[in-house]
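S.K.: I have a structure here, written as structure tokens, and I will follow up with some questions on it.
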Amino acid sequence: MFVLRVFLSALAVLVLSTAALPARDGGDSIRTLEVPVDQSEPLSLDGFVEAALVQNEQATLEDMLRQQSLFTPIVGHDINLGFVRTTAWMRFALVLSPEAQRQQTVFLSITPNFTDELEAYVAPRTLDLKARDFERHQMGDHAPRSRANLSASANILGLELVPGQPTVVYIRARNVDASLNVSTVLLYPSDYEYGAIVQNLMRGAWFGGMGILLVIQFFFFYFDRKKFYIILAMDILAVSSTYFGSLGLARLLFFSEGGLGNDYLTSASSWFGLTAGALSIAGILELRRRYPLVALYFWFAAAAGAIGVICVFAGVNRYFVILAGPVILVLTTLAMIVALLDFLRSRDAQHGLNLAAFGLLWAGLIATNGQRYGVFPLPSWVASSYAATSIIHFTLLTGSLAVRLRNAEAAAREADRRALVAATVAEEHANTLVRERTRELEAARRVAENALSAELQAQDRQVRFMEVISHQYRTPLGVIRTNLESIGLTLRKDDDPNRQRLDRAHRGVARLVEVLEVNLTRSKLQGAAYQPTFLDISVAEFVAAISRSARDLLHGASLIVSMTKEAEDVRISADGEMIRLAVINLLENAFKYSAPVGSTTIWLDVFCEAGEVHLRISDQGIGIGDEPPMHLTGHTVRGANAAHIIGSGVGLSLVKRATDAHGGRFVLSTRQGGGTEATIALPFLT
């Protein structure tokens, strides 16, 4: 497994060549193990296995049969080569003991389960064996699962031994992006069944425990919003995923047809586990704050893990993976040293659990790597020690985090107690201040009420003043209009100059009347008590009336009105005066802010969209500026680019208020090509 790679492959090959492979005897005979009948325990192949290390990756069984001298006896029953391109061949022979009276079934177990290319060749022994005499069984990750493989998640091959007939077995093993380790053992059916049950129970307990530890991190994160809980959960998931692939479970469930899928899962999960592990440990030990230089190494390790994931899918993992072992060993050693220093300083439960967690993980790495690479003469089961130490490591680390949360909770309770005492004292002082401020607020309230009353009275007087002005001007203006019409009747039909003068006078009177009406309506709308009166209104008639009023009111403006056919037939429920004033305000603004740039054209577009009738006023004026458009709808708010133009800043707030009162929307935006677009959208009657 990825996290078990500590020492260089060259060292592994050196150890194998000097310790595991004694001097060749030069013989072509195959060592034969006598198999007892119905033994209840596994049968060791120690001393009966011969191995050959072949650089030619394409070497076939036929080639090996022609080169018997390549095979050399090994001390044990396994080969540990590390990351090499070498193909490992093993051979041995089996024969039933003389007292056997009937055929005997034994199971050949070949581990580990993550070997990429694994083939077993089985044949009865004869004087001149040829490759065609052997039955070939493919059991590696890259090949489809064979029906001869009795186990769903392990490389188990059934062998039928016949009394008096030796059986020869050749095994070929090769790994592409993982360390090359091959271990063989013989199992009797009863022992295999019992062992399979025990292994499945242990694996189920292991994965169940890892799942519980993963979920606990999310509970911790709920109570203490620290990112390292989530990263630690990702580390637990990565380790679980790595073992899910290396134990053969992923191949059983997802990659039964072989290929590189299991390699991608196992290797990518291992690299991702390095990234998540480095970041989570750095967060838990607070390295960035306490040991910045050590934290730099952890970030380097995290970056190496991320690069490793890329290398896996780029197909160059075998060239980068040699860095993994030293990086992980240094990472774990640094974490253990920091945990030891913390424990020596505080000697509390939290730091004691941290020290135990990282110390155990370090010991598991050393033991597993020592067995995998043949550095120490350890039994095969030691290779699985990292699986046991990893779950204990995460359990201890989770216990440490639980203690941390408990201490934080106790500190919070103490802080709450102190805060309660301080709050009681502060409350006494506050009550005194409240009584004083209450008296002050009461006096301020009376002042505010008086000011509000005065403001409302002023608004009421303003409305009455505008009504009086409108009434007083309406009568003389009516007399002027009547006399102008009478004069027009006395003129000759061909007196065009005087008729043009009368027309201009007519328009001036109409414009003056419109100005009075608009300002009177505006005064009413600004009153706090004004409420709209809803009537059924035709949009076409309403727009026509607004157009006439606007042309009278905006002397010198060029108003272009367009209306879709659908909009002409629509009716709305609205207060005509309120909406009319809102549109007039927008038209006035469009004309006023277009004049400084020499533009006199204003567009009024009426159309329907999504159940609403839209009245859009567009211009080519100075635009909105840098402010958010809807910010300008605040009361007395004006754009920074309009400071040189006379205005009060209440027009857009009045439009927004009128639109909201009708359940509509007011949208202000910059027009494409320059200028401003202001749109009133009102729901129409269906």
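The values are calculated or read from the model by the stated rules, or taken from the named source; none is laboratory data. Since the model is a prediction, treat every value here as computed from it, not as a measurement. Methodologically, a virtual Cβ is constructed for each residue, glycine included, from the backbone with ideal geometry; neighbour enumeration extends over all protein chains shown. The protein model used for the area step is the full one, side chains on, heavy atoms only, and it has no ligands, DNA or RNA in it. Shrake-Rupley method; radii C 1.70, N 1.55, O 1.52, S 1.80 Å.
S.K.: How many residues are part of a strand (DSSP E or B) and surrounded by fewer than 20 Cβ atoms within 10 Å (Cβ to Cβ) when one looks only at segment 50-64?
M.R.: 2
S.K.: Yes or no: segment 607-615 includes at least one residue that is at pLDDT 85 or above, surrounded by 14 or more Cβ atoms within 10 Å (Cβ to Cβ) and part of a loop (DSSP other than H, G, I, E, B).
M.R.: no
S.K.: Still on this model: Are any residues in segment 213-235 more than 18 Å from Ala276 (Cα to Cα) and either open to solvent by 50 Å² or more (accessible area, probe 1.4 Å) or part of a helix (DSSP H, G or I) (or both), and if so, which ones?
M.R.: Correct list: Phe219, Tyr222, Phe223.
S.K.: Has segment 574-589 got any residue that is open to solvent by less than 10 Å² (accessible area, probe 1.4 Å) and either part of a strand (DSSP E or B) or without any contact (Cβ under 8 Å) to a residue 24 or more places away in the chain (or both)?
M.R.: Scanning segment 574-589, I find at least one residue that is open to solvent by less than 10 Å² (accessible area, probe 1.4 Å) and either part of a strand (DSSP E or B) or without any contact (Cβ under 8 Å) to a residue 24 or more places away in the chain (or both), so the answer is yes.
S.K.: Just the residues that are part of a strand (DSSP E or B), closer than 21 Å to Ala52 by Cα and open to solvent by 10 Å² or more (accessible area, probe 1.4 Å), please, taken from segment 168-187.
M.R.: Hits for segment 168-187 are Arg172, Arg174, Ser183, Val185.
S.K.: Follow-up question, since we're still on this one. Identify the single condition in (1) at pLDDT 85 or above; (2) loosely packed, with under 11 Cβ neighbours inside 10 Å that Leu45 does not satisfy, given that it satisfies every other one.
M.R.: Failed condition: (2).
S.K.: Report yes if some residue within segment 260-275 is part of a loop (DSSP other than H, G, I, E, B) and either open to solvent by 50 Å² or more (accessible area, probe 1.4 Å) or touching a residue at least 24 places away in the same chain (Cβ under 8 Å) (or both); otherwise report no. Walk me through how you get there before you give the answer.
M.R.: First, the residues of segment 260-275 that are part of a loop (DSSP other than H, G, I, E, B): 260.
Adding the requirement that they be either open to solvent by 50 Å² or more (accessible area, probe 1.4 Å) or touching a residue at least 24 places away in the same chain (Cβ under 8 Å) (or both) leaves 260.
Yes, segment 260-275 contains a residue that is part of a loop (DSSP other than H, G, I, E, B) and either open to solvent by 50 Å² or more (accessible area, probe 1.4 Å) or touching a residue at least 24 places away in the same chain (Cβ under 8 Å) (or both).
S.K.: Please specify each residue of segment 494-547 satisfying the condition of being modelled with pLDDT of 80 or more and part of a helix (DSSP H, G or I).
M.R.: Val539, Ala540, Glu541, Phe542, Val543, Ala544, Ala545, Ile546, Ser547
S.K.: Just give me the residues in segment 100-127 being in a strand (DSSP E or B) and in contact with a helix residue (DSSP H, G or I) (Cβ under 9 Å, 6 or more places away or on another chain), in sequence order.
M.R.: Thr105, Val106, Phe107, Ser109, Thr111, Glu119, Tyr121, Ala123, Pro124
S.K.: Out of the residues in segment 89-121 that are hydrophobic (A, V, I, L, M, F, W, C) and farther than 22 Å from Leu53 by Cβ, which is surrounded by the most Cβ atoms within 10 Å (Cβ to Cβ)?
M.R.: Ranking the candidates gives Leu94 first.
S.K.: If Gln67 satisfies every condition in (1) under 56 Å from the mean Cα position of the chain (by Cα); (2) open to solvent by 60 Å² or more (accessible area, probe 1.4 Å); (3) at pLDDT 85 or above; (4) over 21 Å from Leu33 (Cα atoms) but one, which is the exception?
M.R.: Failing condition for Gln67: (1).
S.K.: Is there a residue in segment 74-83 that is in contact (Cβ under 8 Å) with a residue 60 or more places away in the chain, among the aromatic types (Phe, Trp, Tyr) and either in a strand (DSSP E or B) or more than 25 Å from Gly245 (Cβ to Cβ) (or both)?
M.R.: no
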